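Chemist: For reference, the structure I am asking about is given below.
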Amino acid sequence: MSKSTHAKKLAAASDAKPSRKGVALPAENVVDLEMSTGADSHMGLRLWLRMLTTTNLVQAELRKRLRTEFDTTLPRFDLMAQLERHPEGLKMTELSRRLMVTGGNVTGITDQLEKEGLVARDTDPNDRRSISVCLTPAGRKAFDAMAVAHEQWVVEMFGGLSLDEKMQTHQDLGKLKQHLLDSLKG
């Protein structure tokens, strides 16, 4: 689809229904990122867009299910997952690094979870500026329920691939990941 055809379709879609700020277009109007490249585009670019589209689809579904089933968000789930792996707790700076978000984002999420009794903060007696966070027993119980459901959802979403296809894709992506790690060292 040419850029002008794409622009005309988007304009037609916006003419058909008034645009509301913050409201996504219905699914039938969403153009797959892969479709924004022509057939003659470099295969690496097309692969990247396919991976991005797939990741976005999975994340959107996980976000929706976490909100519906557990009244929580993916960032909250991710923070609790990091803490579940480290029962001794993690420093706020380490959580920020692991989640690849700013310290302010981690602080906001931690504040919410602490108010709900799902995490607890502890100040390091040797460095009062250093704060560790850990799951409370209630937080561990809540996370365990979410983790079981999350795993089932992911397994279900990837159910369209055979075990061999999943293994091959995993291997291929591992090879790409290693290439990127090797080539981007600087």
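Chemist: Does any residue of segment 103-117 turn out to be part of a helix (DSSP H, G or I) and either within 30 Å of residue 44 (Cβ to Cβ) or open to solvent by 100 Å² or more (accessible area, probe 1.4 Å) (or both)?
Modeler: Taking every residue of segment 103-117 in turn, at least one turns out to be part of a helix (DSSP H, G or I) and either within 30 Å of residue 44 (Cβ to Cβ) or open to solvent by 100 Å² or more (accessible area, probe 1.4 Å) (or both).
Chemist: Just to verify a result, which residue in segment 113-135, among those that are in contact with a strand residue (DSSP E or B) (Cβ under 9 Å, 6 or more places away or on another chain) and of a type in the set (S, T, N, Q), is nearest to residue 79 (Cα to Cα)?
Modeler: The selected residue is 132.
Chemist: Considering only segment 78-94, how many residues are basic (Lys, Arg) and closer than 16 Å to residue 123 by Cα?
Modeler: The total comes to 1.
Chemist: Let me ask another. Give 67, 76, 20 a once-over and let me know the one that is open to solvent by 40 Å² or more (accessible area, probe 1.4 Å) and modelled with pLDDT of 50 or more.
Modeler: Testing whether each residue is open to solvent by 40 Å² or more (accessible area, probe 1.4 Å) and modelled with pLDDT of 50 or more leaves just 67.
Chemist: In addition: Among the numbered criteria (1) assigned to a loop (DSSP other than H, G, I, E, B); (2) open to solvent by 60 Å² or more (accessible area, probe 1.4 Å); (3) touching a residue at least 24 places away in the same chain (Cβ under 8 Å), which single criterion is violated by residue 84?
Modeler: That leaves (1) as the condition not met.
Chemist: Right, here's the next one. Between a residue in segment 140-157 that is within 22 Å of residue 86 (Cβ to Cβ) and in contact (Cβ under 8 Å) with a residue 40 or more places away in the chain and any residue that is of a type in the set (A, V, I, L, M) and assigned to a helix (DSSP H, G or I), which pairs come within a Cβ distance under 6 Å, given they are 6 or more apart or on different chains?
Modeler: From residues that are within 22 Å of residue 86 (Cβ to Cβ) and in contact (Cβ under 8 Å) with a residue 40 or more places away in the chain, the pairs are 143/80.
The values are calculated or read from the model by the stated rules, or taken from the named source; none is laboratory data. Everything numeric here is computed off the predicted structure, so don't read it as measured data. For neighbour counting, all protein chains shown are included, and Cβ atoms are generated from backbone atoms with ideal geometry for every residue, glycine included. Side chains included, ligands, DNA and RNA excluded: accessible areas come from the protein's heavy atoms. Shrake-Rupley method; radii C 1.70, N 1.55, O 1.52, S 1.80 Å.
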